[in-house]
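Derivation of every value follows stated rules applied to the coordinates shown; laboratory data play no part. On a predicted model such as this, the values are computed, not experimentally measured, just so you know. Every residue, glycine as well, gets a Cβ built from its backbone with ideal geometry; the counts of neighbours run over all protein chains shown.
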Amino acid sequence: MKKYLAVLTLLAGYAGLWTLSAQTAWQAPPEADALQNPLAGDEASVKKGEKIYRSLCAACHGATGKGDVPSMQSLNPKPTDLTSEAVQKQSDGAIFWKISEGRGMMASYKNMLTEEERWSLVNYIRSLGDKSSGAVKDKAQSAGEKEKKKKQNTNTSKAARRQEKASASYVDAFPFTVLINAKTTHIMHPKGFGLNIQHRFGTTKFDEGFVTNFMGLDLAANMRFAFEIPYNDRLMFEIGRTRYGKFYDMGFKYLILRQTADDRIPVSVAIYENVAVTTEKPPVYSENATFANGTLFEYKFYHRLSYDNELIMSRRFGDRFSAQLTFQLVWRNLMPYSAKPRFKNYVFALPLALRYRIGFSQAVSLEIMPNNQPKNFPVSMAYEVASSGNHVFQITVTNSDRFLAQNLYTVPTFHYDKDGFILGFNLIRYF
Ligand code: HEC
């Protein structure tokens, strides 16, 4: 209990600090100015930017970009007036950087939108400035650039390093840390933390129960919630709790390789390790029950533990499609014996996860998880209803109501045709 409180206090403190830092003026780092707008002067990109702006940004920054949406006025800071001189005088690179990184309520769009889409937004924001904004921009840019050139001349190696740093742009195959059940190679923004809620209702099929049990929503439901705490942009920790099995789990993910836009690194590779402890009452067997090897059964603490080890490889293909393959080894210290089907202590699985983005804030996903267990073949689908860089809401259709690999692979899954399916949702929010 004490430990739990300590964690909560830590998280609250973390969130507090982070909110405090958001009160100060927002300054893009100098290397952002070195980013070159590849779409500068491209008329078509303004139209494209406008389309994205309407679907993702207007709700906060207003239809005309003035940040005058009444319901947003209580935010601190308020959504910025994008037509203001304070914004228009910044370099394209700085605006691009801010859209990419985000801060506070302003989400990071780097994993949601392609570079081209973000540059289109920059061009659209430029078009929002008053008619003289072109001149303002030119002045600002040329003044800024002149100064930069001066600096560059005096210190070319430093400038070159900056340019290189700015242009080493990474591609993130998935905008969130978990797709449906599969951990992805994504690490959330290092400032802040994530809350991840997974929820699965009861089994349903298209019969009378579909109506009387309201698609299974009336039945017992399983749920996992987890805090995700980033350490930096490659390492994150998580603590989770699952209802079925009364599991507490702790894990970390480390990003070894990051896919780059220029394909010099074609894939992202991460490792994920997790240990879970079940807090369920020990199983009750007859007095002379034995382990599979014949020794007398005795319940020890380590029987509560189980482990998940993953090597995750992902790649984004183009703007919309991402795929991921994982080598997964799961171990349960105690696997209750049943004659049929006979589950093993260890699981070797090869989960495949696919995501296809529709429009700018919706996506469909599919997960297929072949493994060596009997009567177990998780296949899940999801529809992302409305995602932004800060949150995602997914409606899921699965053939299992389990989440943790230790549990997902060690109970039978349903047959979609015979047994029906399970509706649920995933809710991920980054703070
Ligand atoms: C949930 C509301 C919200 C949404 C949606 C949103 N923003 Fe923002 N935006 C903000 C807030 C709040 C700030 C001020 C952040 C700060 O200063 O800490 C901001 C700041 C910015 C800035 C930086 C202005 C500056 O120089 O200080 C830019 C640029 C921007 N937003 C562009 C966009 C674009 C483009 C989109 C859509 C892709 C978008 N925003 C979506 C709330 C939002």
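Name the shape class, rounded, prolate or oblate, that the alpha-carbon gyration tensor gives for region 327-404, where a ≥ b ≥ c are the square roots of its eigenvalues, rounded holds for a/c under 1.5, and otherwise prolate holds if a/b is larger than b/c and oblate otherwise. In terms of gyration-tensor shape, prolate. Fully extending the segment from Asp263 to Lys300 would add 8.3 nm, taking 0.36 nm per residue of separation and subtracting the current Cα-Cα distance.
The Cα atoms of region 194-430 cover 63, 47, 28 Å along the three principal axes, with the biggest extent listed first. Each of Tyr307, Tyr170 was scored by other Cβ atoms within 10 Å of its Cβ. Arranged with the fewest first, they read Tyr170, Tyr307.
Distance between the C-alpha centres of region 51-67 and region 71-111: 11 Å, rounded to the whole angstrom. Each of His391, His186 was scored by other Cβ atoms within 10 Å of its Cβ. Arranged with the fewest first, they read His391, His186. Modelled label positions at Ser84 and Gln27, each set 7 Å beyond Cα in the direction of Cβ, lie 1.7 nm from each other. Going from the residue with the fewest nearby Cβ atoms within 10 Å to the one with the most, Leu296, Leu350 rank Leu296, Leu350. Ala58 sits among other residues whose Cβ lies under 12 Å from its own Cβ, and their net charge, with Lys and Arg +1 and Asp and Glu -1, is +1. With a cut-off of 14 Å between beta carbons, the residues surrounding Leu404 carry a summed charge of +2, where Lys and Arg count +1 and Asp and Glu -1.
The order of the peptides 276-283, 31-38 by mean Cβ neighbours within 10 Å, most packed first, is 31-38, 276-283. Prolate is the label for the chain, because a/c, from the alpha-carbon gyration tensor with a ≥ b ≥ c as root eigenvalues, is 1.5 or above and a/b exceeds b/c. Students often get this wrong, so check it: of Lys110/Lys246; Lys183/Lys344; Lys78/Lys253, which have C-alpha atoms separated by over 32 Å? Over 32 Å Cα-Cα: Lys110/Lys246; Lys78/Lys253. Projected label points at Lys418 and Val275, each 7 Å from Cα along the beta carbon direction, are separated by 3.8 nanometres.
The residues neighbouring Ala107, those whose beta-carbon lies less than 15 Å from its own, together hold a net charge of +2 under the Lys/Arg +1, Asp/Glu -1 convention. Here the label points at Ile197 and Ala58, each 7 Å from Cα along the C-beta direction, are separated by 3.0 nm in the simple model. Does a label point 7 Å from the Cα of Ile239, set along Cα-to-beta-carbon, have any residues of region 179-202 with amide nitrogen under 20 Å, and which are they? Zone members listed by number: 188-198. Per-residue ellipticity at 222 nm from helix content only, as computed over the chain with -39500 (n - 2.57) for each DSSP H run of at least four residues, stands at -8000 deg cm²/dmol.
Compared with the dominant Cα axis of the chain, that is its longest principal axis, helix 43-56 is turned about 50°. Cα centroid separation, region 175-211 to region 351-419: 8 Å.
Normalised by the number of residues in the chain, the average gap of Cα pairs under 8 Å and 6 or more apart makes the relative contact order 13 percent.
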